[in-house]
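Asks: Have a look at the structure that comes next, please.
Here, each number is a calculation from the coordinates, and none is a lab measurement. Keep in mind that what you see is a predicted model, and the values were worked out from it rather than measured. Using ideal geometry, Cβ is built from the backbone for each residue, glycine included, and neighbour counts are taken over all protein chains shown.
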There are 2 protein chains.
Amino acid sequence: MAARHEEIAEALREAIDRGEYRVGGPLPTETELSARYSVSRGTVRQAVAALTAEGRIGSRQGARRVVLGSRRSQSFAELRSFAQWARAMGRTATGEVIQQFRRAATVEDAERLLVQPGEEVLQVLRVRGLDGESVLLERNVYAQWMADAVERLPADCESVVQALYDDIGMIFAYGEHVIDAVAAGAEDARLLAIRRGSPLLRIRRVTTTPAGRPIEWSDDRYVSGTVSFAVANSIGSNPLARQAGQA
Amino acid sequence: MAARHEEIAEALREAIDRGEYRVGGPLPTETELSARYSVSRGTVRQAVAALTAEGRIGSRQGARRVVLGSRRSQSFAELRSFAQWARAMGRTATGEVIQQFRRAATVEDAERLLVQPGEEVLQVLRVRGLDGESVLLERNVYAQWMADAVERLPADCESVVQALYDDIGMIFAYGEHVIDAVAAGAEDARLLAIRRGSPLLRIRRVTTTPAGRPIEWSDDRYVSGTVSFAVANSIGSNPLARQAGQA
DNA sequence: GCGAATCACTTGTCCGAACAAGTCGATGAC
DNA sequence: GTCATCGACTTGTTCGGACAAGTGATTCGC
């Protein structure tokens with residue numbers, strides 16, 4: 001954290017969590033904040049824009065900004081890495097590779113990974129746990145240029161993202177996620193030790209490098225009751241979009 | 001749409017959808033865009049910041065911005081209104097009130113709606129359909145100051161949000177949502193005409209006015225396979241946060 | 001007493017400038 | 001051929017200013 005506007009944003013977050021600014025109450029004006037932190041109004045606006053995007057404060061032209069709520073849960077540790085998130089929550093993540101093999105890319109694979117159909121891809125099936133309990137079944141398909149590095153990982157690798165960063169400097173920069181609910185199939189039920197037909201929260205995503213190159217796509221299924229996702233939206237910006245159901 | 005930076009953002013969105021900028025390819029530089037649209041660099045940055053937040057483009061210091069993907073689905077029609085979303089998808093939404101009564105606020109109600117425990121609230125149970133098929137069970141609790149207006153609505157009101165806006169100018173400005181999966185209970189199964197234990201996608205949310213005053217909280221349960229949610233995240237900003245499971 | 005107009009204040013938009021930090025290809029040394 | 005250096009280019013950060021647009025309390029007229 002170097003940028004001044006990030007420091008200010010963090011200071012405001014902490015002030016809200018401390019209760020310095022009451023929920024439902026007003027935030028100081030831009031002019032007052034710029035005086036307090038000795039920065040220009042533009043820098044203050046960058047800071048409050050971040051809080052607005054997080055749903056912590058509301059903003060309307062002409063009126064003071066309003067504190068909408070304080071984040072009870074750790075809002076760090078986001079979608080990126082299961083292990084990082086677990087650690088931030090004070091829990092321990094485990095992982096185990098059940099199946100791993102190379103195959104030719106299907107049309108679907110090719111479309112998501114921006115490669116040619118028939119090109120080789122690496123498919124991996126992992127079960128992941130939290131404090132010893134299995135909570136997540138992960139089906140990943142990696143692009144060919146990533147396959148070697150993934151195959152070198154130990155079968156019980158705790159954090160894939162971290163390991164790939166340490167090994168080859170790979171950064172998972174962007175992700176696109178589709179969330180829905182499905183019933184556990186036979187394989188799901190067996191590997192997660194739950195009953196067939198149990199509800200699972202399914203997240204399908206495509207991850208890319210900072211340069212926009214697709215790395216992998218994944219089908220993650222969480223056991224009901226173990227994990228939930230939170231998102232804030234405002235009349236101006238809607239980070240989450242609802243889509244019609246289709247497989 | 002009046003602001004220049006919004007016009008430019010929309011122009012860029014359309015250009016991406018048209019394929020003018022290839023997926024995986026670079027966007028023009030800020031300097032070039034500011035020349036093309038005859039605006040300052042700051043205005044261009046506001047425009048591209050919007051696309052970055054939507055996950056359409058990636059941005060790194062020093063390198064050109066990259067097109068990450070074009071939104072296939074209508075990215076308008078967001079979390080706000082079920083009916084508005086359905087209409088945008090070219091489908092027709094229906095709604096029917098199953099149950100509606102006033103009761104004293106529980107501690108939980110009071111916390112979410114920022115009112116005193118014991119104060120009167122209005123609870124409503126609705127079933128909503130898409131093209132005649134029941135897909136959503138909605139349990140709402142409205143704050144007292146909203147109760148009269150809600151009770152005046154017809155039982156088969158198609159769009160609650162729209163009706164409340166037309167009646168009393170009420171605007172649903174901010175929402176906080178928690179998403180998980182649950183099994184259908186007895187009541188869920190009966191009202192949605194599905195088997196007990198079927199997976200449901202559950203969205204719990206609190207909605208507030210532009211001034212930050214809580215209007216209602218809601219527990220929405222979608223039949224599996226009918227609706228999914230999409231969200232994009234980047235290394236810099238994560239609109240979606242994962243939370244540990246707890247009821 | 002009550003509604004309408006007024007007005008100070010606050011946020012939104014846009015400009016132009018300067019410098020810092022990072023990327024990426026070209027150049028050059030070995 | 002390979003690798004390090006360099007330099008042009010691009011995005012990130014911050015400043016200061018000006019005006020537009022909207023809010024909310026006060027004042028005023030009736």
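Asks: Restricting to the range B:177-211, give me the number of residues that are in contact with a Gly (Cβ under 6 Å, 6 or more places away or on another chain) and among the charged types (D, E, K, R).
Replies: Summing the residues that are in contact with a Gly (Cβ under 6 Å, 6 or more places away or on another chain) and among the charged types (D, E, K, R) in the range B:177-211 gives 1.
Asks: From the residues in the range B:11-25 that are part of a loop (DSSP other than H, G, I, E, B) and more than 14 Å from chain A (Cβ to nearest Cβ), which one is farthest from the chain's Cα centre (by Cα)? Talk me through it step by step, then tell me what you get.
Replies: As a first pass, look at the range B:11-25 and keep what is part of a loop (DSSP other than H, G, I, E, B): B:19-25.
After this cut, where a residue has to be more than 14 Å from chain A (Cβ to nearest Cβ) as well, the list is B:19-20.
Working: B:Gly19: 27, B:Glu20: 29 Å.
Once the filter is applied, the top-ranked residue is B:Glu20.
Asks: Right, something else. Quick check on my filter: what residues within the range A:17-38 are of a type in the set (A, V, I, L, M, F, W, C) and out of contact with any Lys or Arg (no Cβ under 6 Å at 6 or more places or on another chain)?
Replies: Within the range A:17-38, A:Val23, A:Leu33, A:Ala35 meet the criteria.
Asks: Filter the range A:34-51 down to the residues that are surrounded by 17 or more Cβ atoms within 10 Å (Cβ to Cβ), free of Cβ contacts under 8 Å to residues at least 40 places away in the same chain and away from DNA strand D (no atom under 11 Å from the Cβ) and list them by number.
Replies: Result: A:Val48, single match.
Asks: Collect the residues in the range A:147-161 that are within 17 Å of the chain's Cα centre (by Cα), away from chain B (no Cβ under 14 Å) and assigned to a helix (DSSP H, G or I), keeping them in residue-number order.
Replies: A:Val160
Asks: Next question. Mind checking whether some residue in the range A:98-120 is buried (at least 20 other Cβ atoms within 10 Å of the Cβ), within 16 Å of DNA strand D (Cβ to nearest atom) and in contact (Cβ under 8 Å) with a residue 40 or more places away in the chain?
Replies: no
Asks: Confirm whether A:Glu6 is within 9 Å of DNA strand D (Cβ to nearest atom) and under 22 Å from the mean Cα position of the chain (by Cα).
Replies: yes
Asks: If you don't mind, another one. Read through the list (1) more than 12 Å from every other protein chain (Cβ to nearest Cβ); (2) of a type outside the set (Lys, Arg); (3) buried (at least 16 other Cβ atoms within 10 Å of the Cβ), then give the number of the only condition that B:Glu54 fails.
Replies: Of the numbered conditions (1) more than 12 Å from every other protein chain (Cβ to nearest Cβ); (2) of a type outside the set (Lys, Arg); (3) buried (at least 16 other Cβ atoms within 10 Å of the Cβ), the odd one out for B:Glu54 is (1).
Asks: If a residue counts only when it is of a type in the set (Val, Ile, Thr), which helices (runs of 4 or more DSSP H) contained entirely in the range A:26-125 have at least 3 such residues?
Replies: A:41-53
Asks: Report yes if A:Gly62 is within 11 Å of DNA strand D (Cβ to nearest atom), free of Cβ contacts under 8 Å to residues at least 12 places away in the same chain, on the phi > 0 side of the Ramachandran plot and within 14 Å of chain B (Cβ to nearest Cβ), otherwise no.
Replies: Here the answer is yes, as A:Gly62 does meet what is asked.
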